[in-house]
1. Residue 225 - would you say it is within 17 Å of residue 285 (Cβ to Cβ) and within 16 Å of ligand 2 (Cβ to nearest atom)?
2. Look through 48, 53 and report the one residue that is within 13 Å of ligand 1 (Cβ to nearest atom) and more than 32 Å from the chain's Cα centre (by Cα).
3. Among the residues of region 93-109, what is the count of those that are within 7 Å of ligand 1 (Cβ to nearest atom) and touching a residue at least 40 places away in the same chain (Cβ under 8 Å)?
4. Within region 63-75, identify whether any single residue is outside the structural domain of residue 196 (by the TED database), more than 16 Å from ligand 2 (Cβ to nearest atom), of a type in the set (Phe, Trp, Tyr) and on the phi < 0 side of the Ramachandran plot, and answer yes or no.
5. Residues to consider are 301, 323; find the one that is modelled with pLDDT under 95, of a type outside the set (Lys, Arg) and surrounded by 23 or more Cβ atoms within 10 Å (Cβ to Cβ).
6. Condition check: among the β-branched types (Val, Ile, Thr), within 19 Å of the chain's Cα centre (by Cα) and surrounded by fewer than 22 Cβ atoms within 10 Å (Cβ to Cβ). Does residue 161 satisfy that?
7. Could you tell me whether residue 424 is under 34 Å from the mean Cα position of the chain (by Cα), under 14 Å from residue 360 (Cα atoms) and surrounded by fewer than 21 Cβ atoms within 10 Å (Cβ to Cβ)?
8. Quick check: is even one residue across region 139-147 buried (at least 24 other Cβ atoms within 10 Å of the Cβ) and out of contact with any Asp or Glu (no Cβ under 7 Å at 6 or more places or on another chain)?
Amino acid sequence: MKPVNIGILGLGTVGRGTAEVLRANAAEISRRLGRAVNVFMVSTRDEAKARAACPPETLITTDPFEVVRHPEVDIVVEVFGGTEAAKELVLEAIRHGKHVVTANKKLLAEYGSEVFALAEEKNVMVQFEAAVAGGIPIIKALREGLSANRIRSIAGIINGTSNFILSEMREKGSAFADVLKEAQALGYAEADPTFDIEGHDAGHKITIMSALAFGTPVNFQACYLEGISGLDSRDIKYAEELGYRIKLLGITRKTDKGIELRVHPTLLPESRLLANVNGVMNAVRVNADMVGETLYYGAGAGALPTASAVVADIIDIARLLGADTGNRVPHLAFQPSQVQAQTILPMDEIVSSYYLRVQAQDKPGVLGRIANLLADQNVSIEALIQKGVVNGDTAEIVILTHSTVEKHVKAAIAGIEGMDTVNGKVTMIRMESLND
Ligand code: NAP
Ligand code: HSE
């Protein structure tokens, strides 16, 4: 059978990884697919890089639009990143009837509705396994493996860079800035690493998974984002003393009132599998009504793991070329007519338990007053520990609460911060037992 021709946009970390996987596993891939995958054309600003990465017959251009418009290209692989050039290139590829494989979660989380609508109109497939959790086939699991279920919730460590930073800080006491540099050198970080450390990248990924799980349009604007840059190493230490680890989690959960969609540092009991996912590894826990809890683990970033997902998508598309278009797996798991907007809960309405750290004067009655302010808001205390005097007469108090509605804990915090025996802001970190 004639080889399937791909065109790769950009030979950065993932682009070169894709060329490498196709080269190294060419025989195995054609054994599975029944035909070869040919790197027909690449766009790059660096011809020498293309010569080193691609077969000698690959056409090389500096103009990415030449790739997306070339009549011989069957599948365009968008590994540019960002939403400016990449969006135009993907839309132009679709307009030219090309199938698209993209690793670009930002593009899909922000403009997915536009991209998928055009793809449906033009009858082409847009696959994006590499966009979420690197090499883990979580998109396939959500779209196909779990399609008999109502999904209840997803919680995941889905930013390799942040997990790498948190792991190195906890295990080796390394400084935040040094570990971030290392993550960049290893090819884990986004071109702008603030996307990693401020939670945007994880927000893009959980937004995509939420859409696939609940049959809603992608709605990144509604996702709450809080990254790891504001974390204090004291909280990592205190959490550990209390039997918890802090992880950057993406969480989406269907409740009677609406969908929770959020990214933030989270205390997890150290006995939980997710709490023991370290380094650049990612893990996604899905809770669904029939199967119960399932967990997916693997490398969340890096050239070859990500390219493994890109190439799997190329193979999936190539298998379906020429097949009945009516039987394709829908882009967002549900039939397009069944994708319906649903309420995304504001953070004040989410339900979680909380870690609070308060700096207060070490005087009789202060602890009692703090406990009363929590009780006034119906916030029940699971544990309360005084960490000793830290500064003259100031003590640090760590409180763990039971589950409560977030607005109640925030109201209690406002009261605590108003006490004249309390110094500065109260630190609040959400906790998840993952017992839903
Ligand atoms: P990268 O190393 O920065 O590579 C992107 C490449 O695209 C550049 O090297 C460049 O190719 C080309 N490019 C980008 N903007 C361009 C522009 N304006 N004009 C011309 N060429 C441009 O990025 P990456 O890490 O491979 O990531 C690519 C995509 O995969 C992103 O969407 C990212 O979020 C996603 N992703 C990355 C990983 C990972 O581990 N790195 C994992 C999962 C998903 P040339 O240098 O060849 O000109
Ligand atoms: N920058 C991303 C991460 C790449 O660190 O997880 C994988 O999507």
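The values are calculated or read from the model by the stated rules, or taken from the named source; none is laboratory data. No experiment lies behind these values; they were computed from the predicted model shown. Reconstructed Cβ throughout: ideal geometry from the backbone, glycine too, with neighbour counts over all protein chains shown.
1. Working: within 17 Å of residue 285 (Cβ to Cβ): no; within 16 Å of ligand 2 (Cβ to nearest atom): yes.
Criteria not met by residue 225.
2. Only one candidate passes the filter, namely 48.
3. Within region 93-109, residues that are within 7 Å of ligand 1 (Cβ to nearest atom) and touching a residue at least 40 places away in the same chain (Cβ under 8 Å) number 3.
4. Yes, region 63-75 contains a residue that is outside the structural domain of residue 196 (by the TED database), more than 16 Å from ligand 2 (Cβ to nearest atom), of a type in the set (Phe, Trp, Tyr) and on the phi < 0 side of the Ramachandran plot.
5. Of 301, 323, the one residue that is modelled with pLDDT under 95, of a type outside the set (Lys, Arg) and surrounded by 23 or more Cβ atoms within 10 Å (Cβ to Cβ) is 301.
6. So residue 161 does not fit the description; no.
7. Details: under 34 Å from the mean Cα position of the chain (by Cα): yes; under 14 Å from residue 360 (Cα atoms): yes; surrounded by fewer than 21 Cβ atoms within 10 Å (Cβ to Cβ): yes.
So residue 424 passes the test.
8. Yes, there is a match, as at least one residue in region 139-147 is buried (at least 24 other Cβ atoms within 10 Å of the Cβ) and out of contact with any Asp or Glu (no Cβ under 7 Å at 6 or more places or on another chain).
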